[in-house]
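All remarks here apply to the structure that follows.
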Amino acid sequence: MSNITLVESINLALARAMEEDESVVVLGEDVGLNGGVFRATAGLQKRFGAERVADTPLAEGLIAGMAVGMAAEGLRPVAEIQFAGFAYTAIDQMLNHAGRLRHRTQGRLSCPMVLRTPCGAGIHAPEHHSESPEAMFAHIPGIRVVYPSSPAKAYGLLLAAILDPDPVVFLEPSRLYRRFKEEVRDDGAPLALDEAFVVREGSDVTIVSWGAMVHSSLEAADVLAAEGVSAEVIDLATVKPIDMETVLASVKKTGRCAVVTEAPRTCSLASEISANVSEQALLSLVAPVERITGWDTVTPMFRLEEHYLPSTARIVAGVRKLMEFQ
Amino acid sequence: MPVIARFEVRSTQYLDAEGREAGPLPAFAADARALVPDYRAMVLMRAFDAKAIALQRTGQIGTYASTLGKEAIDAALGAVLAKDDVLLPSYRESGVLMLRGVSPHRTLLYWGGDERGNVFPESPRDFPFNVPIASQLPHAVGVAYAMKLRREPRVALALCGDGATSKGDFYEAINAAGIWKLPMVVVVVNNQYAISVPRRMQCRAETLAQKGIAAGIACEQVDGNDVIAARDVVGRAVERARAGEGPTLVEAMTYRLSDHTTADDATRYRSAEELAGQWKNEPIVRLRNWLASKGAWTPADEQALGREVAAQVQKCVEAYLKTPRPGPEQMFEHLYARLPRQYAWQVASLTEEAEDHVEHHAG
C-alpha cells in the first residue's frame, strides 16, 4: 500500500502489467528516456528496455495504427498520445480499424490495445492542451472509453483496460495527475470496466460525472449538504458503455438528475445520459434532467479556462434549479 | 557548396512487352517451367475477375474493384511470401490472396456485402481487405515491430496504390519502418490512376519509389507487368527484411486496364487510344510469349488451362451463391469479445424486428 498521485498510479499499473505479461509494450512520443511529458512512463524504459518502451516518431496516426497492427499480431500495446488535443488524427485508426477489426474479420483478428491520453482543462497549459473529446471517442462502435477520477481507480481501471480483449481509449484527467494522493495497493487487481461507482450517497438529487469533474461534483455536494440538499454522486468511470443501471437506480430513488461534464454541451455525453434518463425514468423525475457542461465554444486559452470549466458554484446553481423546479 | 547526399533509383525489367528477354535472367527463371505456376495463377485471376464483373452486372454482388492488369504483381507476391509472413492488402488484392490460399469465394462474399469475406481460414494472420486509403500501412509497422520484438524471421508486406503515396499514413509508416529497421516491405501498385486522377497529379517526383529516400530506406522501381522482374525485386526485398536488413519500398509499374470499380466509368477521364496502347503492355501475353519461346507452354496447355480455370471459377461462384445470408445478429456477434450488457437489448430488438419482417413478407 502506498500513498501516491494519479500519475504515479498510472506508472505503477503500467509497470505491473509489463512485469506480468511480456506481450505488453508501451509506445508513444517521449515515453522512453524522458518518461513521458507528465512522467507517466518514468523509469519503464530503464526497467523493461527500449524495445518494450518505444519512443515513436512524432506521428499520432502512426502511433494508433501501429498499435492496431501490434495488437492484431498478439502484443498488448499501450500507446500514449501526448495530449487529447493531438488525438484527432488517431481517431481515424480507432474508428476505421481498432473498433472494427474484430467485427470485420468475424473474430479472426482482434485489437487488444489501449490508447492513453491526458484529457481536460485546468492546468494552465498552452492552446490545444486542454480538450475533452470523450464524446467523439464514445461515438465509435467496438471500443470502450474509460475515464478514471482517482489514483486507485486509475490503477485498477488501467490494468483492466490492458487485460481487456478489445480496444480501450483511456482518458486521464491531467488536472488530477498531481492534485491529491490516495492509498493504492499494487496487487495487480483490475477494477471492473463498464461499471459506475456511487462515490457519495444521497437522497434528493443524483449528480452524474466522470474524470476530474467528479471532484467538482463532490465539492458541490458538500455545499449543497450545508443547504440541506442530499446529493448522490456517481462516477461513471467507463463512459462507453455507460452503466445506466446504476444511474437509473439512483434517479429512481432521488427523482432528480444533473449531469456534469467539462466537454462542450452539444452532443456531449451529458446529452446521451439525459436522453436515457428521460426515456427510462421519466415517471420518477420531478424535474427535467439538468446538463451542467462546458460551453459550446473552443476550449479557451488558460486566462479564461476558469470561466469555461463548470465551477462548483455552477454545479450548485444547476442543482438548486432542480430543487426549485415546480 | 559541397554536395552532401546523392541518390539514385533503379528500375528492373527482364521481359519486354513482347516477352523477349531484355537481359540476363535471375537464377529462379533459368528454367522457364518454374514460371508456369505463376502463369496459371495469372490466368485464373483474370478469369475470376471477369466473372466477378459479370456477377456485379447481373446484380449478384455489389460494387467490385477489378484486378485487370495487375496479375503479375499479385502472382509475384504470392510466389515470394512465406506462409507465416503477413500480407496487408488494399481492396484490390484478391489475386494475391488466392495465392495465400484464401478461397476466392471470400472475395465474392466481401464484394457481395458480407463480412465473412474477410475470414481467411487458410491464411489467418493476413489482414482483411482495406478500403480507407493507406491506413493499413501503420498496421504493417505494428505487425513488423511485433515480429522483430519476438525475433521471428517473418515479414510484413503491405500493398497500396499510387494515390496512397500522397497520404500522411504512407510517409509515417515508411519513416517509422526505417527508424526501427523493421522486416517490412511496401509495394506501391502504381496503376497510374487514383480513380480519375492521373499519377502526375499525385506528385511532382519522377518516381514514387524515391519517396523511400526521404525515409532513409531501400527503394526501387520495377516493371510490375513483368512477373520475373516483380518476383526478383520483391523477393529480394522480402529476403532482406527477413534477414534483418530493414524495410524496402517497391514501386511496381502497371496500368489499371479496368474502371476503378464497377461504379466507375473510366471513359470520362482517359482516351480509348491510351487504353489500347496499354493493352499492348499487359502482363499475361508477355509471359505466355516468353514461356512459349522457351518451349514451356503450348496451345494445348492453354486450352486445358482455359477449361480448368472456368471450372475453378464456377466452383467459387457456387460456393458464394450457396452461402446463406447472415442473420442480423451478426452485426453484434463479433463487435466485442463479449458484448457489453448495455447493448444486449439492441440485439434482441433487431432480431425481433427481423422476425416481424419475415412474417410480414410471408403473410
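Remark: A:Val208 matches the filter, which requires a residue to be in the same structural domain as A:Ala270 (by TED's automatic domain parsing) and in a strand (DSSP E or B). Within the stretch A:66-86, restricting attention to residues that are within 24 Å of B:Ala156 (Cα to Cα) and touching a His at 6+ places or on another chain (Cβ under 6 Å), the residue that is nearest to the other protein chains (Cβ to nearest Cβ) is A:Gly69. Among the residues that make up the stretch B:284-301, is at least one of them within 23 Å of the chain's Cα centre (by Cα), over 26 Å from B:Leu55 (Cβ atoms), aliphatic (A, V, I, L, M) and not in a loop (DSSP other than H, G, I, E, B)? The answer is yes, given that some residue of the stretch B:284-301 is within 23 Å of the chain's Cα centre (by Cα), over 26 Å from B:Leu55 (Cβ atoms), aliphatic (A, V, I, L, M) and not in a loop (DSSP other than H, G, I, E, B).
In the stretch A:15-34, the condition of being under 19 Å from the mean Cα position of the chain (by Cα) and within 16 Å of A:Gly188 (Cβ to Cβ) is met by no residue. On the basis of being outside the structural domain of A:Pro126 (by TED's automatic domain parsing), surrounded by 14 or more Cβ atoms within 10 Å (Cβ to Cβ) and outside any helix (DSSP H, G or I), does A:Arg314 make the cut? It is false that A:Arg314 is outside the structural domain of A:Pro126 (by TED's automatic domain parsing), surrounded by 14 or more Cβ atoms within 10 Å (Cβ to Cβ) and outside any helix (DSSP H, G or I). Scanning the stretch B:128-140 for residues that are closer than 18 Å to B:Ser166 by Cα and at the interface with chain A (Cβ under 7 Å from one of its Cβ atoms) yields B:Pro132, B:Ser135, B:Pro138, B:His139, B:Ala140. I'm told B:Trp290 meets every condition in (1) touching a His at 6+ places or on another chain (Cβ under 6 Å); (2) more than 14 Å from chain A (Cβ to nearest Cβ) except one. Can you identify the failing condition by its number? B:Trp290 satisfies every listed condition except (1).
Pairs linking a residue in the stretch B:142-167 that is under 30 Å from A:Glu22 (Cβ atoms) to a residue that is polar (S, T, N, Q) and outside any strand (DSSP E or B), with Cβ atoms under 8 Å and 6 or more positions apart or on different chains, are B:Ala158/B:Gln136. For the stretch A:87-139, the tally of residues that are touching a strand residue (DSSP E or B) at 6+ places or on another chain (Cβ under 6 Å) and within 14 Å of chain B (Cβ to nearest Cβ) stands at 5.
Could you please find all residues in the stretch B:327-359 being part of a loop (DSSP other than H, G, I, E, B), modelled with pLDDT of 95 or more and surrounded by 12 or more Cβ atoms within 10 Å (Cβ to Cβ)?
In the first step, residues of the stretch B:327-359 are kept if they are part of a loop (DSSP other than H, G, I, E, B); the result is B:327-329, B:334-340.
Subsequent filtering for residues that are modelled with pLDDT of 95 or more retains B:334-340.
Result: B:His334, B:Leu335, B:Tyr336, B:Ala337, B:Leu339, B:Pro340.
Of the set (1) more than 10 Å from every other protein chain (Cβ to nearest Cβ); (2) touching a Ser or Thr at 6+ places or on another chain (Cβ under 6 Å); (3) more than 30 Å from A:Pro57 (Cα to Cα), all apply to B:Asn118 but (1). Of the residues making up the stretch B:91-109, those that are within 14 Å of another protein chain (Cβ to nearest Cβ) and either of a type in the set (Val, Ile, Thr) or surrounded by 24 or more Cβ atoms within 10 Å (Cβ to Cβ) (or both) are B:Leu97, B:Val102, B:Arg106. If the condition is being farther than 24 Å from B:Ala79 by Cα and either outside the structural domain of B:Ala237 (by TED's automatic domain parsing) or charged (D, E, K, R) (or both), then the stretch B:142-152 contributes only B:Arg150.
Yes or no, residue by residue, for (1) surrounded by fewer than 22 Cβ atoms within 10 Å (Cβ to Cβ); (2) under 23 Å from the mean Cα position of the chain (by Cα):
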{"position": "A:Thr261", "(1), (2)": "no, yes"}
{"position": "A:Ala275", "(1), (2)": "yes, yes"}
{"position": "A:Ala281", "(1), (2)": "yes, no"}
{"position": "A:Leu285", "(1), (2)": "yes, no"}
{"position": "A:Lys321", "(1), (2)": "yes, no"}
{"position": "A:Glu324", "(1), (2)": "yes, no"}
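Every listed requirement among (1) in contact with a Ser or Thr (Cβ under 6 Å, 6 or more places away or on another chain); (2) assigned to a helix (DSSP H, G or I); (3) away from chain B (no Cβ under 14 Å) is met by A:Ile63 save one, (3).
With respect to being within 13 Å of chain A (Cβ to nearest Cβ), closer than 30 Å to B:Arg151 by Cβ and buried (at least 24 other Cβ atoms within 10 Å of the Cβ), B:Ile174 fits the description.
Beta carbons closer than 8 Å, at least 6 apart along the sequence or on distinct chains, pair a first residue in the stretch A:96-112 that is modelled with pLDDT of 95 or more with a second that is in a helix (DSSP H, G or I) and polar (S, T, N, Q) for A:Arg104/B:Asn118; A:Thr105/B:Asn118; A:Gln106/B:Asn118; A:Gln106/B:Gln330; A:Arg108/B:Asn118.
Does the stretch B:243-266 include one or more residues that are among the β-branched types (Val, Ile, Thr) and free of Cβ contacts under 8 Å to residues at least 24 places away in the same chain? So that I can check it myself, show each step before the final result.
Going through the stretch B:243-266, the residues among the β-branched types (Val, Ile, Thr) turn out to be B:248, B:250, B:254, B:261-262.
In the following step, the residues that additionally are free of Cβ contacts under 8 Å to residues at least 24 places away in the same chain were identified as none.
No, the stretch B:243-266 has no match at all.
Is one or more of the residues making up the stretch B:274-286 β-branched (Val, Ile, Thr), within 30 Å of B:Ile61 (Cα to Cα) and assigned by TED's automatic domain parsing to the domain that holds B:Ala54? Yes - at least one qualifying residue is present in the stretch B:274-286. Quick check on B:Gln192: is it at pLDDT 95 or above, at positive phi and not small (Gly, Ala, Ser)? The answer is yes for B:Gln192.
Residues being more than 14 Å from every other protein chain (Cβ to nearest Cβ) and in a helix (DSSP H, G or I): count how many of those fall in the stretch A:229-273. Step through it out loud before you land on a result.
Going residue by residue through the stretch A:229-273, those that are more than 14 Å from every other protein chain (Cβ to nearest Cβ) are A:229-235, A:249-268, A:270-271.
Then keep just the ones that are in a helix (DSSP H, G or I); that gives A:249-254, A:270-271.
Adding up the residues that qualify gives 8.
Among the residues of the stretch A:222-269, those that are of a type in the set (Asp, Glu) and in contact with a Phe, Trp or Tyr (Cβ under 8 Å, 6 or more places away or on another chain) comprise A:Asp235, A:Glu262. The numbered conditions (1) surrounded by fewer than 22 Cβ atoms within 10 Å (Cβ to Cβ); (2) more than 13 Å from chain B (Cβ to nearest Cβ); (3) touching a helix residue (DSSP H, G or I) at 6+ places or on another chain (Cβ under 8 Å) are all true for A:Thr41 except (1). Among the numbered conditions (1) within 7 Å of chain B (Cβ to nearest Cβ); (2) on the phi > 0 side of the Ramachandran plot, the only one that A:Asp30 does not meet is (1). Of the candidates B:Tyr91, B:Tyr14, the single residue that is under 16 Å from B:Arg256 (Cα atoms), in contact (Cβ under 8 Å) with a residue 24 or more places away in the chain and either assigned by TED's automatic domain parsing to the domain that holds B:Ala156 or not hydrophobic (A, V, I, L, M, F, W, C) (or both) is B:Tyr91. Looking only at the stretch B:199-209, which residues are buried (at least 18 other Cβ atoms within 10 Å of the Cβ) and under 13 Å from B:Phe170 (Cβ atoms)? Result: B:Gln202, B:Leu208, B:Ala209.
The values are calculated or read from the model by the stated rules, or taken from the named source; none is laboratory data. Note that the coordinates shown come from a computational prediction; the quantities given were computed from them, not determined experimentally. Here Cβ is always computed from backbone atoms with ideal geometry, including for glycine, and neighbour counts include all displayed protein chains.
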